[in-house]
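Values quoted throughout were computed directly from the atomic coordinates according to the rules given, and no laboratory measurement underlies them. Everything numeric here is computed off the predicted structure, so don't read it as measured data. Cβ sites come from the backbone with ideal geometry, for glycine too, and all protein chains shown count toward neighbours.
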Amino acid sequence: ARAFFAAPPDERAEVLVSDPQSDGLACKAGNKKCNSLFAEAECPSLVPLPCDLCCNEPRFCRDCCCILCSKTIDLKHGGYSYIKCEAMVNGYICGHVAHLNCALRSYMAGTVGGSIGLDAEYYCRRCDTKTFLVPHVKTLLKTCESIDSRDEIEKILNIAVCILRGSQKSNAKGLLNRIESAIKELKCGTSLEDIWKVKETDTVMSTDIFHNGNGELGPTNHQDLVDDKSCLEAVLSVSSDYRSEYLKIECEIDQVLQSLRKAQESEYKIAEEQLCSQKVYLRHLYQQLEKERSELPDQSPGNEADASLNAVLNRVNQIKYEVMRLKEMEEVANGFGRTPKGVLKEYFGLEIED
């Protein structure tokens, strides 16, 4: 059985929902904005892939419900926030959709190592097909040119960066460089018109001149960057007051180190208190054992002597158990961060969240 991953609730989209039976809608989720309801639906002749997993759910629609979180997708700005699997499987189209954020958080999109092995790709959990995402990112970049809201543009560009970051493909690296440059200019206050102007550096990137035979980024022409007015202004704005910026960074580092020292001192005090308490308890047990053992030779054979012997044996077992507990407590020598959570909870009263 396939596993479907849950995503945070912030992926919910505002949609018009109605009773699909009362309105005669084809969308099982009752979404009046579902792609399946448009007369000019894309490739209506393609037969969807039979699905007895998510599509068996009564309110799940493959055309508008994310396969990872089951929430409806948002068609805002051309539906930039989701990806549709258009893979053909045995003559059927998969057609399942997923929020890009859900896919990224579930390690089903972007560049992922391990058994999946993605490189700027999306992995569909329904049909196990990989989709190359660079064309989708280019569409995202084109979509940004028609948007006036800087916040929306930055949101879209950040998704694009998450998709491309870490890719080893030369075209993905070049596109990532262009998008990161656009984000910097956006934050510098460059006009949207100037951000989307086709510059000489963009033309060079699109023809892959920046890349050597190994597919790695080669040296860029810095004079081209300096000649660009917006980039020059960005450089001047950063370097003009570097002393105050450096002092700010220095202050932040000092605060971090002080907080770390306090945290370590707090951990040390907790460990010292509990370990010393265990040490005192063991010393008490050893004293009790010594006393009980010293009384054994004076006991006459009989029930009372047997009871004393059993008491000594029980005390020995008790000491062995407490020594074992001490050994577990001593794992804090590696630091609380490397100590098993069960040990921290049982012996030191600490609840460590994931």
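Tabulated results
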read-out: Label-point separation in nm, Lys341 to Gln274, each point 7 Å along Cα→Cβ; value: 1.5 nm
read-out: Cα-based Rg and Dmax for the stretch 119-201, where Dmax is the largest Cα-Cα distance (Å); value: 13.6, 44
read-out: 5 angstrom amide H check on Asp119, placed H, neighbours 5+ away; value: Val112
read-out: Sparse-neighbour loop sites [chymotrypsin sites (Phe, Trp or Tyr not before Pro); the stretch 104-151; at most 16 other C-beta within 10 Å; DSSP]; value: Tyr107
read-out: Estimated inter-spin distance, Val89 and Ile249, nm [label 7 Å along Cα→Cβ]; value: 4.9 nm
read-out: Principal axis box of the stretch 254-348, alpha-carbon based, largest edge first, Å; value: 71, 20, 15
read-out: Glu154-Arg325 FRET efficiency (beta carbon distance; Förster radius 41 Å; 0.05 resolution); value: 0.15
read-out: Inter-label distance for Asp52 and Glu145, nm, one decimal - labels placed 7 Å from Cα along Cα-to-Cβ; value: 4.8 nm
read-out: R0 of 22 Å, Cβ-Cβ distance Tyr281-Ala305: FRET efficiency to nearest 0.05; value: 0.20
read-out: Arg59/Ile183 FRET efficiency (R0 45 Å; Cβ-Cβ; nearest 0.05); value: 0.75
